[in-house]
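Comments concern the structure below.
The values are calculated or read from the model by the stated rules, or taken from the named source; none is laboratory data. Bear in mind that the values here come from a model prediction, so they are computed numbers and not experimental data. Cβ sites come from the backbone with ideal geometry, for glycine too, and all protein chains shown count toward neighbours. Side chains included, ligands, DNA and RNA excluded: accessible areas come from the protein's heavy atoms. Shrake-Rupley method; radii C 1.70, N 1.55, O 1.52, S 1.80 Å.
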Amino acid sequence: MQNTLLNLYAKCGDLVYARKLFDEMSSRDVVTWTALITGYSQHDRPQDALLFLPEMLRIGLKPNQFTLASLLKAASGVGSTDVLQGRQLHGLCLRYGYDSNVYVSCAILDMYARCHHLEEAQLIFDVMVSKNEVSWNALIAGYARKGQGDKAFCLFSNMLRENVKPTHFTYSSVLCACASMGSLEQGKWVHALMIKWGEKLVAFVGNTLLDMYAKSGSIEDAKKVFDRLAKRDVVSWNSMLTGYSQHGLGKVALQRFEEMLRIRIAPNDITFLCVLTACSHAGLLDEGRHYFDMMKKYNVEPQISHYVTMVDLLGRAGHLDRAIQFISEMPIKPTAAVWGALLGACRMHKNMELGGYAAERIFELDSHYPGTHVLLYNIYALAGRWNDAAKVRKMMKESGVKKEPACSWVEMENEVHVFVADDDAHPQRREIHNMWEQISDKIKEIGYVPDSSHVLLCMDQQEREAKLQYHSEKLALAFALLNAPPGSTIRIKKNIRICGDCHSAFKFVSKLVEREIIVRDTNRFHHFCDGACSCEDYW
């Protein structure tokens, strides 16, 4: 009777009463300990759950399969990469002979996957005698979380071949993988599979489907999914707001936010972050200040991410003095991310002095903060201060920081084609280069002028212009024009920010070929159509 009551308190999350009852019990068995461990594990107190194991073993009680599964769940929640306690529990499972138990082995697999040790997770999966949908889901989710979408999708295909029916958790993980890769065609195929098997757009799977379409470049399809959701919660609205923000539809995002407030869905911190990001991407300065102040009304405490976005908003709009004043008035200590937002704005507006100051603050807080050296180098190079730029290069070399090579990719008939600048490895390289040369000549006739300021190397004007013509996104566009069906939308992904010259060229190309070109870079989507871009040249 006491065990049943303890289990009730633990499962309902009343851990104070659960622990009080546990302490008062004159007799405790393995069920008693398991109920309390499970309660702590399921209610985000993993370290407390793990502390019970030594006490349990000390009094001679042997954990059962449910105890070990709950402890493994707790071990995966302690830290995303700290796998030491999980490995010790794995050893305990082997010692007590539970490693072949499907319930425990799934928990071991999930623990390794959540700690990002996917090689160990894959080994556990491969030796499992009996695999159920839980084991498949755990490994697929692990690959999706780690950004290895291709492996997640391959595993999903194997799951279907093994005649294991996917669950909502499976679809959610696979759609997340498609979103991270920006793989619209594969995402559509998964959606079609869901429709074929009669799956309804409920709960998180509907939200992840919406998110997949938005992140894969089809905001129209995302809107259709949103309209068909069985129930729209705050996550659904946040996903839609994020989509509008990423696609440069800042005013639409604000309209939807106001609609959300009218139907009395309470915004959370993520909602306000989406709204502020939309304002930043669209240059809506007054609106951004208004919504930042509105957070108090809804008892939402601004986090560091909100402050970063406000600095980005002020900086992008050219109000660098107001941005530095905002930083000085922050109630919390500025992080490297805050100064990084200011540095990015300084690069945009070519303010060397303030940019150097922001970079110094970043180096003090985090010498390996991503992109700092590159942004500072770009600021000096744009100003023609090659000696200072060379010093930054030397700093990069000494600290082991390497610039991520720019690349662009296009999905064509379920195959991904990747390009780097001056690419000569693709089988169609001659046709691609010839196509771009033809396109380049034609867009020059209608007004395109190469902007050599985006070549941040010390060389003469002719060399600069030649260097511009074979950027990775231009080669990807030429390949798509050669191979995509006439009139179809061209979708290109890029691992860094699109360069200003390519942005200008793509506007002219969209007018020349009379088709939409969508580019997803690290910051947002650019929809090029009829000689204009959705960002309105504010990016």
>> Can you give me the accessible area per residue for region 302-366, using a 1.4 Å probe, in Å²?
In response: 44 Å²
> Averaged per residue, what accessible area in Å² does region 252-295 show with a 1.4 Å probe, protein chains only?
Replying inline: 44 Å²
>> 7 Å from Cα along Cα→Cβ at both ASP441 and LYS394: what's the point-to-point distance in nm?
In response: 4.6 nm
> In nm, to one decimal, how far is the modelled label at LYS231 from the one at TYR103, with both set 7 Å along Cα→Cβ?
Replying inline: 2.9 nm
> Relative to a virtual label point 7 Å from the Cα of LYS297 in the Cα→beta-carbon direction, which members of region 221-248 show backbone nitrogen distances below 18 Å?
Replying inline: none
> What are the lysines whose alpha-carbon lies under 24 Å from the alpha-carbon of LYS296, with same-chain residues fewer than 8 places away excluded?
Replying inline: LYS251, LYS333
> Which order do LYS223, LYS402, LYS151, LYS350 take when ranked by solvent-accessible area (1.4 Å probe, heavy atoms of all protein chains), largest first?
Replying inline: LYS402, LYS350, LYS151, LYS223
>> Over all directions, the average projected area of the alpha-carbon convex hull for region 401-444 comes to how many nm²?
In response: 4.7 nm²
>> Can you give me the % of accessible surface on the chain that is carbon or sulfur? Probe 1.4 Å, all protein chains present, nothing else counted.
In response: 51 percent
>> Going Cα to Cα from LYS73, which lysines come in below 28 Å? Please leave out same-chain ones fewer than 8 positions away.
In response: LYS11, LYS20, LYS62, LYS131, LYS146, LYS151, LYS165
> What is the extension gain from VAL127 to ALA266, computed as 0.36 nm multiplied by their sequence separation minus the C-alpha to C-alpha distance, in nm to one decimal?
Replying inline: 45.3 nm
>> Give the separation of the Cα centroids, region 82-139 to region 474-510, in Å.
In response: 44 Å
> Where only protein heavy atoms count, and the probe is 1.4 Å, what is the accessible area per residue for region 80-138 in Å²?
Replying inline: 51 Å²
> Summing -39500 (n - 2.57) over the DSSP H runs of n ≥ 4 in the chain and dividing by its residue number, what mean residue ellipticity at 222 nm do you reach, to the nearest 500 deg cm²/dmol?
Replying inline: -20000 deg cm²/dmol
> Once you put a point 7 Å from the Cα of ARG58 and another 7 Å from the Cα of ARG385, both along the Cβ direction, what distance in nm separates them?
Replying inline: 6.2 nm
> With r defined as the distance between the Cβ atoms of MET352 and ASP23 and R0 fixed at 51 Å, what FRET efficiency is calculated, to the nearest 0.05?
Replying inline: 0.20
>> For a quick check of understanding: with a 1.4 angstrom probe and all protein chains in place, what accessible area in square angstrom does HIS471 have, to the nearest ten?
In response: 40 Å²
>> For a quick check of understanding: with a 1.4 angstrom probe and all protein chains in place, what accessible area in square angstrom does GLU398 have, to the nearest ten?
In response: 140 Å²
> With respect to the cross-link table entries LYS402/LYS511; LYS350/LYS494; LYS196/LYS494, which display a Cα-Cα separation exceeding 30 Å?
Replying inline: LYS402/LYS511; LYS196/LYS494
> With θ set to phi - 60° and the Karplus curve 6.51 cos²θ - 1.76 cosθ + 1.60, what are the ³J(HN,Hα) couplings of region 170-182 in order, to the nearest whole Hz, using x for Gly and Pro?
Replying inline: 4, 4, 4, 5, 5, 5, 4, 5, 4, 5, 5, 7, x
> TYR377: accessible area at probe 1.4 Å, nearest 10 Å²?
Replying inline: 20 Å²
